[in-house]
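A short worksheet on the structure shown next.
The values are calculated or read from the model by the stated rules, or taken from the named source; none is laboratory data. Computed from a predicted model, the values in this text were never measured in an experiment. Note that we place each Cβ from the backbone using ideal geometry, even for glycine, and neighbour counts take in every protein chain shown. Note: areas computed on protein heavy atoms with side chains; ligands, DNA, RNA excluded. Shrake-Rupley method; radii C 1.70, N 1.55, O 1.52, S 1.80 Å.
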Amino acid sequence: MRYARTFAIFSCVALTAVMVRAADGQTSAEKEKELLALLRSDASKADKALACKKLAVYGSSEAVPELARLLTDEELASWARIPLEAIPGPAADEALRKALDSLQGNLLVGAINSIGVRRDSYAADALISRLKDKDADVASAAAAALGRIANDAAITALRKSLPATSGKVRSAVAEGLVLCAERLMTDGRTNEAVEIYDQVRKAEVPKQRMLEATRGAILARKEQGIALLLEQLRSPEKALFQLALGTAREIPSRTVDEALAKELPNTSPPRAALIVVAMADRKDMAALLRSQGWQDLAADDTVTLPTMRQAAAHGPKEVRLAAIEAIGRVGDGSCLNTLLTIATDSDPELSQAAKTALSELRGDSIDREIATRLAKTDDKLYPVLIEVVGERRLAATPALVKALDSADPAVRQAALKALGETVSANEVNILVRQAVSPKHADDAPAAQQALKAAAVRMPDREACAAELAASLDAAPSATKPVLLDILAAVGGTKALAAVGAAAKSSDPELQDASSRLLGEWMTADAAPVLLDLSKTAPGEKFQARALRGYIRIARQFVLPDDERLAMCQSALDACRQPAEKKLVLEVLKRYPSQQTLALAIKLMQVPELKADATQTALAIAQKVGNKVEGVQKLLTDAGLGKVKVEIVKAEYGAGATQKDVTEVLRKQLADVQLIGLPADDYNSSFGGDPVPGTPKQLKIQYRIDGKPGEATFAENALIILPMPK
């Protein structure tokens, strides 16, 4: 089949070329003239190669002589063949045929390949003479090209050559014959194709050629090829068995289904499982053929599903699992009873496979049948049907609510989970009641999880949040944090207001839950609420948590620069501890600009922040560089202006093991005290770890503006050289 794809690709290229020429009109001819002038010039080989490529679109027979001259050029020959393969008309064919007499080696092989692409039947005699070439590559290329030409002369020559050749040439001849057989099949000459396939598969050829020919021999015989198919299916060779499985998928015949079904009990479980999968693939193929109007080619559905049902219900576990999975993919209502029975099996793997298949069966009629059975069943199938209703998301609320009265906890909790997947917007209150006041205390976690699952999938989340918020006051204290968690998952304006209000309550448990949720809020509209709580929340603990959540939004969310800067200033005003202010410095460093640099420099005036603010200012300055006006003035005014930095000596390591990294640091010097490294960590920057598994230090002797200094940095610390005293 890959040969057919090759021709299809060629056809698409040729068609594209024609379409572009038609669309461009006279412009195409002008473009061709321009490209040919370039080929005649002393332009570089690279430019000429690009011109050849473009001539595949713009070229015509006028370009052939110039392209033909390049067929002897070792560097440009392959590029010249691209347009020669695409340009329509006899001129390109003649040029390639003529080149056969003057080329050798790889250039000759390339020209032969191009003739094969063009399927030039007039070249057949010349190629036939090359089948005995002393150069095996040339002979092999000729064989493959003759296979693409596939006229009577080519076929006869290749068939005679197969027993007379050896090695790679015989493999190429076999490949050429398979190509010929494919062409004969297309032309309706099936008997001749069968003869060729049989000749190749029975000859001493590489396994790949034998497999290709065997597949062709089966398909060419159609239903008469089933015996040969089964022969491969029973072969101890894995490659032949796999070939049979693949080929079985390609024959649209009920007889194949019957043959595969008969093989199941006579083969090993691993092979039987693979045969079942192949049968399912065949059913998919038949459905596709029927959908496209090929009823006469589509296999009848009277063998596959009965076989699969039987295999799923009885036999080795490996085969049962494969059959169950296949039924889930291609089954119908006739498989429902089989799957429901297996779903109650004591083997958990079989049971789960059946439940999965039940959730995957396609068809409205199956949905109706499952819903009907749920309303009438109260036996051991009850929890299975409930689970399947949830997985298929069927509208069966009355039956599921009825199941909440069951004495069996497994049934009740399965019903709650299913309700979480199925209730509509106007039925959410059912789950709210169950979460707030469950009939059975043990059902509370399942009810709360179901409510969360339902709430987050509601189309109108604001309405859902309003209903949840309204239930907060009446909910038991132990349930309120759960409802707050669900509100946070729903999100939106009303949910945010409800959680924010809870954070100001007098209940420490609600304060703790709501402040935590607000700190993790996934939208930036929580920022004003958090800022307010950082000032008004009851207790210093919750104020600090709110402030950190506020800073988190400034650090992580996509915000306008001016809004982020204002948030940083507001956070600084609300900060009570230096550690919180250092978090703001991290935000400034993450978003470098003239404004964040100015704020960092301002914070250098705070004694407990001076060192960190200085590091932040230098880091921002390095990132901004000279791209923003005013940066240098800010640095100068802050005492961080340009300086002359010299590295005297630098060592990295631990104890007596030290690596000289002086030159590495010298290459990274700028006119500031901050030294950036080429990688994110010291080991990568310095060419490896000198003492693996041991904490290391970087020791630097330096001069700034002529004054000597010395500093030591822990591994991977930011390198900012202190100003010498």
For segment 115-125, which positions are open to solvent by less than 30 Å² (accessible area, probe 1.4 Å), farther than 13 Å from Pro88 by Cα and not aliphatic (A, V, I, L, M)? Gly116
Out of Glu427, Glu360, Glu369, which single residue is under 35 Å from the mean Cα position of the chain (by Cα) and of a type in the set (D, E, K, R)? Glu360
Given Asp125, Asp42, Asp93, which one is farther than 30 Å from Leu158 by Cβ and of a type outside the set (Gly, Ala, Ser)? Asp42
In segment 196-232, which residue that is among the acidic types (Asp, Glu) and either touching a strand residue (DSSP E or B) at 6+ places or on another chain (Cβ under 9 Å) or open to solvent by 60 Å² or more (accessible area, probe 1.4 Å) (or both) is farthest from Ala259 (Cα to Cα)? Glu204
Given (1) under 46 Å from the mean Cα position of the chain (by Cα); (2) more than 25 Å from Glu586 (Cβ to Cβ), index of the condition Thr712 fails: (2)
State whether one or more residues within segment 64-76 are within 21 Å of Arg40 (Cα to Cα) and within 39 Å of the chain's Cα centre (by Cα). yes
Would you point out which residue out of Ala566, Ala571, Ala554 is modelled with pLDDT of 95 or more and open to solvent by 50 Å² or more (accessible area, probe 1.4 Å)? Ala566
Considering residues of segment 375-426 that are among the charged types (D, E, K, R) and within 18 Å of Ala441 (Cα to Cα) only, the residue least open to solvent (accessible area, probe 1.4 Å): Arg412
For segment 613-631, how many residues meet the condition of being open to solvent by 20 Å² or more (accessible area, probe 1.4 Å) and either modelled with pLDDT of 90 or more or more than 43 Å from the chain's Cα centre (by Cα) (or both)? 3
Candidates Ala717, Ala656, filtered to the one that is modelled with pLDDT of 90 or more and open to solvent by 20 Å² or more (accessible area, probe 1.4 Å): Ala656
Quick check: is even one residue across segment 678-701 at pLDDT 95 or above and of a type in the set (Val, Ile, Thr)? yes
Can you give me the number of residues within segment 237-254 that are in a loop (DSSP other than H, G, I, E, B) and closer than 15 Å to Leu274 by Cβ? 2
Would you tally the residues in segment 711-725 being polar (S, T, N, Q) and not in a strand (DSSP E or B)? 1
Which of the residues spanning segment 481-492 are open to solvent by 10 Å² or more (accessible area, probe 1.4 Å) and either farther than 15 Å from Pro459 by Cα or aromatic (Phe, Trp, Tyr) (or both)? Pro481, Val482, Asp485, Ala488
In this structure, does Lys168 turn out to be in contact with a Ser or Thr (Cβ under 9 Å, 6 or more places away or on another chain), under 30 Å from Asp101 (Cβ atoms) and not acidic (Asp, Glu)? yes
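Here's the yes/no breakdown for (1) in a loop (DSSP other than H, G, I, E, B); (2) open to solvent by less than 30 Å² (accessible area, probe 1.4 Å); (3) closer than 18 Å to Lys283 by Cα:
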position	(1), (2), (3)
Leu305	no, yes, yes
Ala312	no, yes, yes
Ala322	no, yes, yes
Cys335	no, yes, yes
Ser346	yes, no, no
Ala353	no, yes, no
Ser359	no, no, no
Arg362	yes, no, yes
Arg368	no, no, no
If you go through Glu182, Glu175, the only one that is over 29 Å from Leu67 (Cβ atoms), among the charged types (D, E, K, R) and either modelled with pLDDT of 95 or more or part of a helix (DSSP H, G or I) (or both) is Glu182
Contacts under 6 angstrom Cβ, first residue in segment 452-477 being hydroxyl-bearing (Ser, Thr, Tyr), partner in a helix (DSSP H, G or I), 6 or more apart: Ser471/Val432; Ser471/Val436
Can you find a residue in segment 430-441 that is surrounded by fewer than 20 Cβ atoms within 10 Å (Cβ to Cβ), at pLDDT below 95, assigned to a helix (DSSP H, G or I) and not hydroxyl-bearing (Ser, Thr, Tyr)? yes
Residues that are within 38 Å of the chain's Cα centre (by Cα) and within 24 Å of Glu427 (Cα to Cα): list the helices (runs of 4 or more DSSP H) wholly contained in segment 450-542 that include at least 3 such residues. 461-470, 480-490, 493-503
